[in-house]
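A short reminder: the numbers here are calculations on the coordinates, not readings from a lab. Predicted, not measured: the structure shown is a model, and the values here were computed from it. Backbone-built Cβ (ideal geometry, glycine too); neighbour counts: all protein chains shown.
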Amino acid sequence: MNIGDKRISLSYENFLLRGSSLRQTDFIIGVATFTGHGTRIMKNSTGARSKFSRVEKQTNMQIFFIFGLQCVLCLIATVYGALWRSMNTVST
């Protein structure tokens, strides 16, 4: 990496790990690097937390249940209506 006429090499001592913060500096020059999923910080990181409350999860499950129940009732009504129509049709 060249800064003006000065050449600076990057080593592991020049890297800030994910989650680190840099304080009390006037300016920084950064280079984004990908070190892979095998690094210690990536292996120790947990998955993102759910942003739904218990009430929202319960409401969603109730909505899915009501939707499924309505689908079943529509299917039953369709079958019953077709049977009723076939039994009560007067052929001329």
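In the stretch 63-92, of all residues being of a type outside the set (Val, Ile, Thr) and part of a loop (DSSP other than H, G, I, E, B), the one that is surrounded by the fewest Cβ atoms within 10 Å (Cβ to Cβ) corresponds to Ser91.
Restricting attention to the stretch 1-31, which residues are part of a helix (DSSP H, G or I) and among the basic types (Lys, Arg)? If the condition is that a residue be part of a helix (DSSP H, G or I) and among the basic types (Lys, Arg), then no residue fits.
Within the stretch 53-62, the residues that satisfy the criterion of being assigned to a helix (DSSP H, G or I) and of a type in the set (S, T, N, Q) are Gln58, Thr59, Asn60, Gln62. Scanning the stretch 1-52 for residues that are small (Gly, Ala, Ser) and touching a Lys or Arg at 6+ places or on another chain (Cβ under 9 Å) returns Ser45, Ser50.
Taken over the stretch 32-52, the criterion of being assigned to a loop (DSSP other than H, G, I, E, B) and aliphatic (A, V, I, L, M) is satisfied by Ala32, Ala48. Residues that are touching a helix residue (DSSP H, G or I) at 6+ places or on another chain (Cβ under 8 Å), free of Cβ contacts under 8 Å to residues at least 40 places away in the same chain and surrounded by 10 or more Cβ atoms within 10 Å (Cβ to Cβ) do occur in the stretch 42-53.
Residue check, Glu56 against (1) more than 30 Å from Asn14 (Cβ to Cβ); (2) surrounded by fewer than 10 Cβ atoms within 10 Å (Cβ to Cβ), all met but one. Which one? So Glu56 meets the others, but not (2).
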